[in-house]
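The values are calculated or read from the model by the stated rules, or taken from the named source; none is laboratory data. Keep in mind it's a predicted model, so treat the numbers as computed, not measured. Heads up, the Cβs are rebuilt from the backbone with ideal geometry, glycines too, and the neighbour counts pull from every protein chain shown.
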Amino acid sequence: MAVKGTDIKDKLPGTNCKECGMPTCFGFAMKLASGKAEPDNCPYLDPQVREELEDLLAPPMKLVTIGSGAQAVSIGEEEVMFRHEKTFFHAPGFALLISDNETEEEIAGKIKRIRELQFDRVGINLKADLLALHFTSGEVARYVALVKKVATEASDIGVVLISEDTEALLKALDAYGAEKKPLLYPVTADNIVKITEYIKEKPTPVGVKAGSVEEVAALTAKLRAAGIEEIVLDPDSKNLAEAVRDQTLIRRAALKKGFRPLGFPSITFPCFMTEEKQEEVLLAAGLIAKYAGIVVLSNMESHSIFPLLVERLNIYTDPRRPMTVEEKVYEINEPDKNAPVIVTTNFALTYFAVSSEMEISKVPSYLCIQDTEGLCVLAAWSTGKFTADTISSYIKRSGIADKISHRNLIIPGYVAQIKGELEEELPDWQIIVGAREATGIPAMLKLGVKY
Ligand code: SF4
């Protein structure tokens with residue numbers, strides 16, 4: 001919920017002394033509301049009012065970071081209900097569940113799998129993010145041993161510590177190290193006092209669990225009163241319908257009503273909602289679309305995690321900016337000086353489609369990717385970003401001429417109309433009109449381009 005200058009003005013001293021750099025207190029209020037000033041810029045604010053203003057001006061949803069260093073996963077700080085209104089900022093983390101009841105081999109296998117399951121798509125590395133360590137054995141020493149093993153052997157992966165036994169949970173926190181910021185889960189009505197005392201000494205994010213959104217809000221209010229703000233919410237939804245209802249309620253309360261006790265990201269457990277593996281993936285897919293901050297999965301296979309990673313990528317890319325790849329000459333299938341040369345735009349999906357088909361052809365070749373600000377071929381041509389003029393200028397600066405012994409350039413079939421003009425711009429080159437669709441590239445390359 002956007003804060004207005006008029007909401008702030010009456011909280012300011014009203015003396016118009018100008019020391020904040022603005023001619024009036026109202027001017028300063030407007031600047032505060034637009035995020036271009038800090039309450040501290042006014043030296044005459046009552047400390048309590050300063051605190052009130054900081055609270056009022058804080059993002060409606062807190063950013064929570066789990067883990068530290070390169071393996072940290074940040075979730076929350078979202079600003080809109082729907083991606084098309086602006087963008088979603090922090091993609092949910094995928095956590096792989098490991099129970100301390102599993103065998104050594106199973107545990108080692110899961111650690112290995114989360115590391116190996118990485119996919120390159122449109123130049124972005126897609127992978128799961130977290131390990132969720134679940135106390136189920138009833139033996140605290142066994143759970144602590146699992147936590148220590150992960151802390152040592154998978155120190156590059158962030159961790160969620162899950163235990164209904166508070167003693168075991170706090171021992172696990174000590175064994176893992178609060179400085180590495182694991183997510184401690186669950187904080188409930190029964191253990192909130194004990195965990196609050198502990199967390200004040202050893203700060204780390206906490207996951208609050210209660211039987212309803214209202215009960216979750218009551219617990220977060222207590223944590224906030226104790227100065228704990230690194231909070232993740234779990235209203236204990238039992239199925240997808242409940243989860244979508246609860247997640248939507250939380251997001252609306254935070255963004256539309258500015259309700260601070262629910263202004264936090266969430267954790268979800270499709271792994272506990274069903275025992276059917278396929279259904280678990282479908283539940284996870286629904287939760288990614290509807291506001292989950294962390295999605296805990298019982299297992300990860302390439303066929304189950306890959307579609308979820310791609311869904312996450314698609315939802316959490318900025319719709320205001322097309323996805324792009326770097327402008328450069330890409331070498332495909334180890335080309336030599338006789339290899340054919342194709343030029344196209346830097347829209348990521350264009351690059352991905354064209355380079356994939358070139359790889360499939362097994363023909364050594366060069367792919368010259370021109371920066372068209374992420375526009376596809378036709379959009380770039382129609383807006384003057386992929387024309388004879390821009391292509392010739394790019395080909396001259398790309399350095400491709402030094403890599404080959406011929407001067408043949410294949411352009412996309414969709415811009416056949418610029419062939420003549422491009423030949424005038426690049427008089428040493430022969431311009432060949434290539435396939436209209438990427439799927440036509442292997443046949444074109446295998447048959448040999450007619451120069
Ligand atoms: S410094 Fe404070 S009191 Fe002075 S004009 Fe700015 S907001 Fe008003």
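Here the stretch 1-38 is the region considered, the condition is being of a type in the set (G, A, S) and under 28 Å from A253 (Cβ atoms), and the residue that is surrounded by the most Cβ atoms within 10 Å (Cβ to Cβ) is A29. Restricting to the stretch 86-105, name every residue that is in contact with a strand residue (DSSP E or B) (Cβ under 9 Å, 6 or more places away or on another chain) and either farther than 19 Å from V159 by Cα or among the hydrophobic types (A, V, I, L, M, F, W, C) (or both). Answer for the stretch 86-105, where residues must be in contact with a strand residue (DSSP E or B) (Cβ under 9 Å, 6 or more places away or on another chain) and either farther than 19 Å from V159 by Cα or among the hydrophobic types (A, V, I, L, M, F, W, C) (or both): F89, A91, F94, A95, L96, L97, I98.
Only one entry of R113, R83 meets the criterion of being basic (K, R), within 30 Å of A132 (Cα to Cα) and touching a strand residue (DSSP E or B) at 6+ places or on another chain (Cβ under 9 Å), and that entry is R113.
Test of understanding: among R407, R436, which residue is charged (D, E, K, R) and under 35 Å from the mean Cα position of the chain (by Cα)? Testing whether each residue is charged (D, E, K, R) and under 35 Å from the mean Cα position of the chain (by Cα) leaves just R436. The criterion of at least 2 residues that are surrounded by fewer than 17 Cβ atoms within 10 Å (Cβ to Cβ) and at pLDDT below 95 is met by the following strands (runs of 3 or more DSSP E) wholly inside the stretch 122-199: 124-127. Considering the conditions (1) part of a loop (DSSP other than H, G, I, E, B); (2) within 16 Å of the ligand (Cβ to nearest atom), E78 is excluded by exactly one of them, (2).
What do you reckon, is K9 farther than 30 Å from A217 by Cβ, within 16 Å of the ligand (Cβ to nearest atom), at pLDDT below 95 and not hydrophobic (A, V, I, L, M, F, W, C)? Spelling it out, it is not the case that K9 is farther than 30 Å from A217 by Cβ, within 16 Å of the ligand (Cβ to nearest atom), at pLDDT below 95 and not hydrophobic (A, V, I, L, M, F, W, C).
Per-residue answers, yes or no, for (1) in a helix (DSSP H, G or I); (2) within 7 Å of the ligand (Cβ to nearest atom); (3) in contact (Cβ under 8 Å) with a residue 40 or more places away in the chain:
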position: V3; (1), (2), (3): no, no, yes
position: P13; (1), (2), (3): no, yes, no
position: N16; (1), (2), (3): no, yes, no
position: C20; (1), (2), (3): no, yes, no
position: P23; (1), (2), (3): no, no, no
position: F28; (1), (2), (3): yes, yes, no
position: L32; (1), (2), (3): yes, no, no
position: A37; (1), (2), (3): no, no, no
position: Y44; (1), (2), (3): no, yes, no
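When R83, R50 are checked against the criterion of being more than 14 Å from the ligand (Cβ to nearest atom), surrounded by 14 or more Cβ atoms within 10 Å (Cβ to Cβ) and of a type in the set (K, R), a single residue qualifies: R83. Number of residues in the stretch 386-410 that are in contact (Cβ under 8 Å) with a residue 40 or more places away in the chain, more than 17 Å from I332 (Cα to Cα) and surrounded by 18 or more Cβ atoms within 10 Å (Cβ to Cβ) equals 4.
Is it true that F347 is touching a Gly at 6+ places or on another chain (Cβ under 6 Å), aromatic (F, W, Y) and in the same structural domain as W429 (by TED's automatic domain parsing)? Here the answer is yes, as F347 does meet what is asked. Against the numbered list (1) farther than 24 Å from P322 by Cα; (2) at pLDDT 95 or above; (3) crowded, with 18+ Cβ neighbours inside 10 Å; (4) not charged (D, E, K, R), Q417 comes up short only at (3).
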